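Chemist: Quick one: the structure is below, questions incoming.
The values are calculated or read from the model by the stated rules, or taken from the named source; none is laboratory data. All figures in this text were calculated on a predicted structure; none of them were measured in a lab. Note that we place each Cβ from the backbone using ideal geometry, even for glycine, and neighbour counts take in every protein chain shown. Accessible surface areas use protein heavy atoms only, side chains included; no ligands, DNA or RNA. Shrake-Rupley method; radii C 1.70, N 1.55, O 1.52, S 1.80 Å.
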Amino acid sequence: LRRTADHNYRYRCTLESASGRRDVAARYLVEASGSSRAVLAALGQSRRVSRLGAGIEYECKYIGDAPHRATLFVGDRFCPAGYGWIFPTVAGSVRVGLGVLRPQQKAKLPELIDAFMQSDMARQLDVGAGEIIDRHVGVVPADGVPERLVHDRVVVAGDAASMAIATVGEGIRYCIDAGRAAGDAIATAVQTGDDRS
């Protein structure tokens, strides 16, 4: 990715895929590469996220007797510098997860959640987890919103803009809204030729 002096097509990039390589040119870019901030990093305009919320979640068949109860828990034993959750779903499953802060906490998440699932605490909290249906892992930025969300003709949205909420480990609604707003603003700029707004 590189910035050019061409006022109409400010950015040029070489894309690689299984079908080969091709060069593309763009008037505007939406930086939505997640916590890597790969677009801004390639342009030398931003550092990568330095603090992350890392999470792991098992979705299991629910075999408990409290399908409407949600539980949050904390403690250094299973979620140091973070928290855990137990959320039954309307689909008849239960999601059990743990989240910690990186790089402060180096604990291995699969080991932590497996230890929790086999622990007395899981029994005390009445997790109600049966057979594992699926496993989810992910990260969200946790180092605050960047100073700028617009860099020349690059608009930052989603996790690249730290729009996730670290306290609950999600933010997809805000990311979708921000992406739509960025798209609308860019469409207006293309139609009017005015990129000041």
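Chemist: Output wanted: per-residue J couplings in Hz (rounded whole) for segment 38-43, from phi through Karplus 6.51 cos²θ - 1.76 cosθ + 1.60, θ = phi - 60°, x for Gly and Pro.
Modeler: Ordered by residue, 3J(HN,Hα) equals 4, 5, 5, 4, 5, 8 Hz.
Chemist: Under the Karplus relation 6.51 cos²θ - 1.76 cosθ + 1.60, θ = phi - 60°, what is the ordered set of whole-Hz ³J(HN,Hα) values for segment 172-184, x standing for Gly and Pro?
Modeler: 4, 4, 5, 5, 5, 4, 5, x, 5, 5, 5, x, 5
Chemist: Report the relative contact order of segment 54-197, percent, no decimals, based on alpha-carbon pairs under 8 angstrom and at least 6 residues apart.
Modeler: Rounded, it is 23 percent for segment 54-197.
Chemist: Which percent of Cα pairs goes in each bin when the distances of the chain are cut into 5 angstrom slices starting at zero?
Modeler: 1, 7, 13, 14, 14, 12, 10, 9, 8, 6, 4, 1, 0
Chemist: To the nearest 500 deg cm²/dmol, what mean residue ellipticity at 222 nm is calculated for the chain from DSSP H runs of n ≥ 4 alone, each contributing -39,500 (n - 2.57), summed and divided by the residues?
Modeler: -6000 deg cm²/dmol
Chemist: Please work out the average accessible area per residue across segment 1-126, using the 1.4 Å probe convention, and give it in Å².
Modeler: That works out to 59 Å² per residue.
Chemist: Oh, and also: May I ask you to give the percent of accessible area on the chain that is carbon plus sulfur, with a probe radius of 1.4 Å?
Modeler: With neighbouring chains kept in place, the figure for the chain is 53 percent.
Chemist: Order the peptides 129-138, 18-27 from the highest to the lowest mean number of other Cβ atoms within 10 Å of their residues.
Modeler: Top to bottom by mean Cβ count within 10 Å: 129-138, 18-27.
Chemist: Oh, and also: Quick one: which of 92-103, 172-183 comes out on top by average Cβ neighbours within 10 Å, and what's the full order, highest first?
Modeler: Per-residue Cβ counts within 10 Å, averaged per peptide and sorted highest first, yield 92-103, 172-183.
Chemist: Work through the residues other than VAL96 whose Cβ is under 12 Å from its Cβ and net out their charges, Lys, Arg +1 and Asp, Glu -1.
Modeler: Around VAL96, the charge tally is -2.
Chemist: In whole Hz, what ³J(HN,Hα) sequence does segment 106-119 give by Karplus (6.51, -1.76, 1.60; θ = phi - 60°), x for Gly and Pro?
Modeler: Using θ = phi - 60°, the values come out as 9, 4, 7, 4, x, 5, 5, 6, 5, 5, 4, 4, 9, 8 Hz.
Chemist: Which order do THR71, THR14 take by accessible area at a 1.4 Å probe, largest first?
Modeler: Accessible-area ranking of THR71, THR14, largest first: THR14, THR71.
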